[in-house]
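So the structure is just underneath, and the comments pick up after that.
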Amino acid sequence: MKPSPSTYPIGIFDSGIGGLTVAHAVTQLLPNEHIVYFGDTAHLPYGDKSTAAIQAYSIKICDLFLKQSCKLILMACHSASAAAYELVKEYVGNAAHVINVIDPVVHHLRENYADKCIGLIGTRQTVNSNIYKKKIDAVGNGMELKSLATPLLATLIEEGFSQKKVIKEIIADYLKHAELADIDALILGCTHYPLVKTQIAEYYTQKVDIIDPSEIVAIAVKGCLDYHNLLNKHPNPIKKFYVSDYTASFEASTRLFFTENVHLEHYPLWD
Ligand code: DGL
């Protein structure tokens, strides 16, 4: 019997293992879904790459997902979502649904933060692309965006510094910038940042809402699959985790991002 498209996997990608925060939220909300995760560790970090380079990487990763018959492609990276979403959507066409990590957040803001001042922290690519500002301005409900690139954070988190004192000092140093003054909410605009959500919340002493895209994006994935009648009803899914460059330290760090034991497989996409 031909398998139903609802049993096809969800393809999730990021520049590295940060997107596992989103993959984790998806697997919590949708425990029956087969997952193919691809971390482009050979090109990490995306945040400092050009738009053209990120677009080329994203298209090649989507080819892999399409070969694996993914029913939905989730761009679990803000930098890739900022640089390549429109291109990926056009490239993939009707072959799969495509969800980025920015639109669900903007939708959440539209529903909950009219006339408020919103802060954004993320990579240089995400912040300099102005994508959040364009989308927030297009909503037209009086929201104002203030943003700051915080490029050190992803590297420190990936190097295992998320629980160290030094990261609190660096977070405080970034967040005290005038660019982020008087905000009502702060978007964690990089898939690594949920790992330092507590430290960021402590800095603001509950006076600023911290917006963690991982859960918001997982809800959007569920909504899309449900709408298209593509939710998998069968239990015991297969989860595969590929990286384009393997080191033992990547594998060790996956525990920080994904509470289950994850075995990374090297997939030579660029050979
Ligand atoms: N995970 C990437 C993002 O969400 C950040 C890390 C990188 O620069 O590759 O933007």
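Some values worked out for this structure:
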read-out: Residues ASP212, ASP271 arranged by fewest to most Cβ contacts within 10 Å; value: ASP271, ASP212
read-out: Cross-link partners of LYS146 among lysines (Cα-Cα below 27 Å; sequence separation of 8 or more within a chain); value: LYS49, LYS116, LYS133, LYS134, LYS135, LYS165, LYS168, LYS176, LYS197, LYS207
read-out: Taking segment 103-213 and dividing mean pair separation by its residue count, relative contact order in percent (alpha carbons under 8 Å, at least six apart); value: 31
read-out: Positive-pole candidate from HIS43, PHE13, ILE59, dipole of segment 1-72, charges at beta carbon; value: ILE59
read-out: Cα-based helix-to-principal-axis angle, 248-257 vs the chain, degrees rounded to 10; value: 70
read-out: The chain, relative contact order in percent, only Cα pairs under 8 angstrom and at least six apart counted; value: 27
read-out: Packing-based exposure ordering (other Cβ within 10 Å, fewest first) of MET75, MET143; value: MET143, MET75
read-out: Using alpha-carbon coordinates, inclination of helix 165-175 to the longest axis of the chain, degrees; value: 70
read-out: Taking CYS77, CYS117 and counting other C-beta atoms within 10 Å, the order from fewest to most; value: CYS117, CYS77
read-out: Rounded Å value of the spacing that divides the Cα centres of segment 193-242 and segment 36-102; value: 18
read-out: CD proxy at 222 nm, helix term only [per DSSP H run n ≥ 4: -39500 (n - 2.57); per residue of the chain; nearest 500]; value: -13000 deg cm²/dmol
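Read-outs throughout are calculated quantities, based only on the coordinates presented, and are distinct from any laboratory measurement. Remember, predicted model here, so these are calculated numbers, not experimental data. Cβ: placed from backbone, ideal geometry, glycine included. Neighbour counts: every protein chain shown.
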